[in-house]
Amino acid sequence: MQTTTARALGACTLRDIGCALRNPTSIACMAVALVFSAFYGQFWSADIQQGTAFSAFIVAFVSAIPVLEAGGVITLFATSEEVAHNSYGAILRTGSSLRAIVAGKLIAGWLFGCVLGVLCFWVAGVGGPRLAPIAAVFAVGSLPFLAFSSGFGLVSKDQMHTNFWAWPLALSALLALLGTLGPEVSFLMYLSPMGLQVAECVAVAGPGLEQLYLLQPALIASWCAWMAASVFCLRRCMAKWRQQNPGA
C-alpha cells in the first residue's frame, strides 16, 4: 500500500538531497551560480550598495540564477532522468506514494535554491541583516517556479522533452529580469512566476520597488495566481504520469 507518511516524505527528501550532493552536474550548476554572483560582486558591489538603477538588473540576476541552477536542475532535470530510468516504479513498490516522491524532490530543490540564493547574495556583497529577508523571499517566491519544474520533469520521458520544457521556464525567469530595465517594462514582473521573488530581492538589496513603479498588492496577487496555476499544473502532470504508468 502506497502512503504519504512523514517517514516516506523524509526518506524521499533525504534521498534527493543525497543525490544532488553526489551529482557532478548539480554541483557544477551551483558552482556556476556562485561564480557569476561573485563576479558581479567584484565589479559592481558599489552599485549594489548604492542601489543604482543598473544594480536592479544585477540583483535580479543573482536572485534568479540560484533557483534555475539549483532548484530547477533538481526538480526538472533530475526528475526527468529518473522518470526515463523508471526509478519511481521501484520506489513506489517500497510503499512510498507518488505524492511523497514529488514532494521530496520539490523540497530538495527548494532547500538547495534557498541556501544557494543566500550564498549568491553573500558573495555578491549583500550581507548582514539583509540576508535574512532575502532567505524569506526565496522560501516563498521560488515555489511557483519549482512546482512547474517538478510537474514538467514528471512528464518528460527523455532529454528532448526536458529541454522542451526548460526553455519556457528559463524565458519566464528572463521576463522578471527584463522587468528591472525600467518602469516602462516593469509590468513583465507580473507575468513571471518568479516575479515576486525577483522584485522583493530588488526591494531588499537594490533600488527599491518605487523606482520600478511596482505595486506590492499586485505582486502578491500575481504570485497567488502563479502559485495556483503551478499547483494545478503539477496535479495534472501527476495524473498524466499515473495514466502512463498504470501498473506503478
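The values are calculated or read from the model by the stated rules, or taken from the named source; none is laboratory data. As the structure is a computational prediction, the values presented were derived from the model and not from experiment. Using ideal geometry, Cβ is built from the backbone for each residue, glycine included, and neighbour counts are taken over all protein chains shown. Note: accessible area is taken over every heavy atom of the protein model, side chains too, but ligands, DNA and RNA are not part of it. Shrake-Rupley method; radii C 1.70, N 1.55, O 1.52, S 1.80 Å.
Couple of notes before you dig in:
- Residues of the stretch 173-209 that are at pLDDT below 90 and acidic (D, E): E184 alone.
- Conditions (1) of a type in the set (D, E, K, R); (2) closer than 23 Å to W165 by Cβ; (3) buried (at least 21 other Cβ atoms within 10 Å of the Cβ): number failed by E200: (2)
- Only a single item in (1) farther than 19 Å from I134 by Cα; (2) open to solvent by less than 20 Å² (accessible area, probe 1.4 Å); (3) of a type outside the set (K, R) is not met by P193, and it is number (1).
- Residue within the stretch 161-174 that is open to solvent by 20 Å² or more (accessible area, probe 1.4 Å) and among the β-branched types (V, I, T) present: no
The rows are residues; the columns are (1) of a type in the set (V, I, T); (2) at pLDDT below 90; (3) over 22 Å from Q159 (Cα atoms).
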position: V59; (1), (2), (3): yes, yes, yes
position: S63; (1), (2), (3): no, no, yes
position: A90; (1), (2), (3): no, yes, no
position: G95; (1), (2), (3): no, yes, yes
position: A108; (1), (2), (3): no, no, no
position: G128; (1), (2), (3): no, yes, yes
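- Across the stretch 147-160, the number of residues qualifying as over 12 Å from C237 (Cβ atoms) and of a type outside the set (D, E) comes to 3.
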